[in-house]
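Working notes, beginning with the structure itself.
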Amino acid sequence: MKSALITLFGVAVLTLSGPACAQPVTQEQAMRAAIHPVATQAEMRNWLSRVPVTRDFPPDFETMLRGQASLYVIEISTAPGCLPCGDLWTKLLAFRGRYGWQVRTLRQDEAAIRSGRLGLPWVGNPVAWVRPLADPGRMVPIAIGTDHGANIARNAWLATRMLTGARAAVGVRAMSKFTGIVGVRAPVSSNRKGR
């Protein structure tokens, strides 16, 4: 699971340092990543119950997140009927209430373009991104699927650090330590002839 996260997050974060540093990720590699499909709230809760929750934060954590609220925004891709999307959205709204950050949804076409630009193959919804308000071209993914609220806050803090010059490898390693990736279960195809 950690190596899959490092692959997915690493490609995105290393792109911040320049496209020559990014390792290409194939669609097959992305599909084999640790994205656990869920169809019900119970399955999602069961999966997340196995995900470690961040418990240790730096002393300046809350002050820094509140102080950065006017500089950053979190944007999330979403789709109708997507359980992880609703779960992540609820957690992001709680994050907004606690730290004062803006939270917005992305159109699906914009989310697909953004994922492609950073070398993240589009494997489904949702993906949450932190980006500076003043620079729409720089962003760091902080959640693929859903996660615990504490992990999302920690990832937002790490994203701001990476966007302001902290070494990407340090942030990626920290993000991969505690992360639950929960995705949408693919619908069963009917395989009808004559399509």
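The values are calculated or read from the model by the stated rules, or taken from the named source; none is laboratory data. The shown structure was predicted, so the numbers you read here are calculated from the model rather than taken from an experiment. As a convention, Cβ positions derive from the backbone with ideal geometry for all residues, glycine included, and neighbour counts pool all protein chains shown. Keep in mind that these areas ignore ligands, DNA and RNA; they rest on the heavy atoms of the full protein, side chains included. Shrake-Rupley method; radii C 1.70, N 1.55, O 1.52, S 1.80 Å.
Structure summary
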{"read-out": "Condition check for Arg195: out of contact with any Gly (no Cβ under 9 Å at 6 or more places or on another chain), assigned to a helix (DSSP H, G or I) and either modelled with pLDDT under 85 or of a type outside the set (Phe, Trp, Tyr) (or both)", "value": "no"}
{"read-out": "Test: Gly149 is under 13 Å from the mean Cα position of the chain (by Cα) and open to solvent by 20 Å² or more (accessible area, probe 1.4 Å)", "value": "yes"}
{"read-out": "Criterion (of a type in the set (A, V, I, L, M) and at pLDDT below 85) met by exactly one of Ala69, Ala94, Ala39", "value": "Ala39"}
{"read-out": "Per-region count, the range 43-72, residues in a helix (DSSP H, G or I), charged (D, E, K, R) and either open to solvent by less than 70 Å² (accessible area, probe 1.4 Å) or in contact (Cβ under 8 Å) with a residue 60 or more places away in the chain (or both)", "value": "2"}
{"read-out": "Search result, residues across the range 73-94 that are in a helix (DSSP H, G or I) and open to solvent by less than 10 Å² (accessible area, probe 1.4 Å)", "value": "Pro84, Cys85, Leu88, Leu92"}
{"read-out": "Residue that is most open to solvent (accessible area, probe 1.4 Å) [pool: residues in the range 95-115 that are farther than 16 Å from Ile152 by Cβ and of a type outside the set (A, V, I, L, M, F, W, C)]", "value": "Arg107"}
